[in-house]
Amino acid sequence: RLYDALQIEEPSKENPIQVINLRGTMETIEGLISKLITKYKEQGVDVFIIDPIYKFMEQDESNAQYITFFLGRLEHLSHELNATIVFSHHHKKGSSADISVIDRGSGSGIFARQADAIMDLNELDMDEDFREENGFEDSWTAYEIEYVTREFKRPKSLKVIFKYPLHEID
């Protein structure tokens, strides 16, 4: 659907997108990391996207000792394959509008302290009048994206509209 929306007829043979669906499988972090390294060591993978991260964990996301171990294993994968690791994580329950971006993630604070960069999508609340006045379709969702960066300049926040299957900068 993304290829169609972006008018890409055929994925690049040099940089294909590969999906590994782990739905319904049970695998330890050690077993999965080992399999990924074995499978992709010679393929030159640039980025692994794990969505959502909690489906990949064996223990409680609030256990700082486990999360330190877990993220260390992902860092090992990154180093072994010279690849970037990107993962999606969910917010704590309740409104996150008044909470600092670095503190919005659920579970252990290690998630935020270990990351080199955080990109946070916070859904914007738009009332019916705004939607009508701006031609905003019911199926669209708007987000503000905010960033936390460790070693480079922090990008300015921006607003995007999700018009399935693409996000468009507002």
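The values are calculated or read from the model by the stated rules, or taken from the named source; none is laboratory data. On a predicted model such as this, the values are computed, not experimentally measured, just so you know. Glycine gets a Cβ as well: all are built from the backbone with ideal geometry, and neighbour counts include every protein chain shown. Accessible surface is based on the protein model in full, side chains and every heavy atom, while ligands, DNA and RNA are left aside. Shrake-Rupley method; radii C 1.70, N 1.55, O 1.52, S 1.80 Å.
Some notes on this structure:
- Here the accessible area of the chain is 49 percent carbon and sulfur, with a 1.4 angstrom probe and all protein chains present.
- For the chain, the share of DSSP beta bridges that are antiparallel, to the nearest 5, is 80%.
- Cα gyration tensor shape of segment 20-169, rounded if a/c is under 1.5, else prolate or oblate by comparing a/b with b/c: prolate
- Using the Cβ of Ser139 as centre and a radius below 12 Å, the other residues enclosed give a net charge of 0, where K and R count +1 and D and E count -1.
- Rounded to the nearest 20 debye, the dipole magnitude of the chain is 880 debye, with +1 charges on Lys and Arg beta carbons, -1 on Asp and Glu beta carbons, and the Cα centre as origin.
- Lys pairs, segment 1-138 - Cα-Cα below 29 angstrom, 8 or more residues apart or on other chains: 8
- Accessible area per residue for segment 1-57, computed on protein heavy atoms with a 1.4 Å probe, is 85 Å².
- Seen from Gly109, the other residues with C-beta closer than 13 Å to its C-beta sum to a net charge of +1, counting Lys and Arg as +1 and Asp and Glu as -1.
- Positive-end residue, segment 41-96 charge dipole about Cα centroid, Cβ charges, pick of Asn82, Ser96, Asn63: Ser96
- If you sort Asp116, Asp125, Asp51 by accessible surface, 1.4 Å probe, largest first, the order is Asp125, Asp51, Asp116.
- Look at the alpha carbon pairs under 8 Å that are at least 6 residues apart: their mean separation over the length of the chain gives a relative contact order of 17 percent.
- In order along segment 51-68, the Karplus-derived 3J(HN,Hα) couplings, from 6.51 cos²θ - 1.76 cosθ + 1.60 at θ = phi - 60°, round to 9, x, 5, 5, 6, 9, 9, 9, 10, 4, 5, 8, 7, 4, 5, 5, 5, 4 Hz, and Gly and Pro are given as x.
- Under Karplus coefficients 6.51, -1.76 and 1.60, residue-wise ³J(HN,Hα) of segment 37-44 in Hz, glycine/proline x: 5, 4, 6, 10, 4, 9, 8, x
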